[in-house]
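Please read the structure below before turning to the comments.
Readers should treat all values here as calculations from the given coordinates under stated rules, not as data from a laboratory. Everything numeric in this text was worked out from a predicted model, so none of it was measured. Reconstructed Cβ throughout: ideal geometry from the backbone, glycine too, with neighbour counts over all protein chains shown.
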Amino acid sequence: MAFVRALVLGYRKYGADPAQALKLAQIAPADLARPDARITSAQMETVCGHAMQELDDEALGWYRRRMPWGSHGLLCRASLAAPTLGLALRRWCRHYKLLIDDIELTLTVDGATATLAVAEAVDLGAMREFCLVTTLRYVHGYACWLVDSQLPLLAATFPYPAPPHAGAYPLMFPGPIRHGAACASLVFDAQYLALPPRRDEKALGAMLRRALPLTVLQYRRDRLLAQRVKALLRHRSAEFTNAESIAAALQVSVRSLHRQLVAEGQTLQRLKDEARRDQAIEQLRRSTRPIKQIALAVGYRNEKSFARAFKGWTGVAPADFRLRKGGP
């Protein structure tokens, strides 16, 4: 309900009455004062959608000047034809600045991580939280929709103490959340920036007719899930020996893990076997460790089962492979 109270402040800024918007969303005015009151995502969609049109401000009064109705559609269209998600997000940041100068969105890449950050140029006042949360959720939702993939968050940061309703944040930002940070930001794996958009103008038109759910509902499909599983197994295979531990690390259910991998033409067992094969080949090439030790290190109980699996992968026994590759 804190977000609805912020929306009401937007009405007051413009000298307008929020009664009709609250009525359409079936939000009782008396509930605005209840600190424990909650609304559904459908109610949020209804009250925001009506307010944006009634106030002719898609920012709902956050900024010194309006974002007229249709502004977010303009931002979406301007980035739709980008060849990659990275370029689409950079266009979004650049065009947002043409509309609004109270905040500035930036996308930076540092090694394997990408950060979408919000810099505040003015004091956003009582609507600050609603502004920052909604801005990040909308960009994140649009990015997921554009490439038809979840963008799992490595972190979501906010430049204010945890509010009383902080329990709602994991529903909007799945991943580690940190309050009291230097700025509002989303941090995610930079690999996603290379994904190409998978939407066209027709799909955009359909999405814009009901765009607000992107700000409150999470996208489920993850087009890079197999790569993320491979990275876990490649670097930390000893920690992730079963589907449960891998699913927990990637913040998905075991069922979703298996289902999404099948959709990508993969299985968890195949990825585990590939990781074991690569680790075994690396150790056979670069170390003098006994084959029995290598077998245990890559997850086999004995040298015999390892040798059988290795021959299935490469066509030769581990000892012969080491000799052929000129091992140490």
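Considering only 147, 127, 300, and ranking their Cα positions along the charge dipole of the chain that arises from unit charges at the beta-carbon of Lys, Arg, Asp and Glu, the one farthest toward the positive end is 300.
Mean separation of Cα pairs under 8 Å and 6 or more residues apart, divided by the residue count, gives segment 4-104 a relative contact order of 21 percent. Considering only 241, 87, 35, whose Cα is most displaced toward the positive end of the charge dipole of the chain, charges sitting on Cβ of Lys, Arg (+1) and Asp, Glu (-1)? Towards the positive end, the residue furthest out is 241. For residue 195, the amide hydrogen comes within under 5 Å of the amide hydrogens of 85, 86, counting only partners 5 or more places away or on other chains and with H modelled in the peptide plane. Potential lengthening of the chain between residue 203 and residue 264 amounts to 19.7 nm, from the contour at 0.36 nm per residue minus the alpha-carbon distance. Summing charges over neighbours of residue 29, with a neighbour being any other residue whose Cβ is under 14 Å away from its Cβ, gives +2 when K and R count +1 and D and E count -1. Projecting the Cα atoms of 212, 184, 156 onto the charge dipole of segment 151-213, computed from C-beta unit charges around the Cα centre, puts 212 farthest toward the positive end. Taking all Cα pairs closer than 8 Å and separated by 6 or more residues, the relative contact order of the chain comes to 13 percent.
The convex hull of the Cα atoms of segment 153-263, projected and averaged over all directions, covers 9.3 nm².
Relative contact order of segment 225-324, taken over Cα pairs closer than 8 Å and 6 or more residues apart, is 21 percent.
Phi-derived couplings, Karplus 6.51 cos²θ - 1.76 cosθ + 1.60 at θ = phi - 60°, listed residue by residue for segment 49-65: x, 5, 5, 4, 6, 5, 8, 6, 8, 6, 8, 6, x, 5, 10, 6, 10 Hz, with x used for Gly and Pro.
Compared with the dominant Cα axis of the chain, that is its longest principal axis, helix 85-99 is turned about 20°.
Seen against the Cα atoms of the chain and their longest principal axis, helix 71-80 is set at about 30 degrees. Considering segment 82-127 at the alpha-carbon level, its Rg and Dmax are found to be 12.3, 38 Å. Return the whole-Å distance between the Cα centroid of segment 1-20 and the Cα centroid of segment 294-318. Taking the Cα centre of each part, segment 1-20 and segment 294-318 sit 66 Å apart. Across the cross-link table entries 202/230; 272/311; 13/202, which are compared at the Cα atoms, the separations over 27 Å belong to 202/230; 13/202.
Listed by chain and number, the aspartates and glutamates whose C-alpha is less than 13 Å from the C-alpha of residue 292, apart from same-chain residues fewer than 8 away, are 303.
Rounded to the nearest 20, the size of the Cβ-charge dipole of the chain about its Cα centre is 1680 debye, with Lys and Arg at +1 and Asp and Glu at -1.
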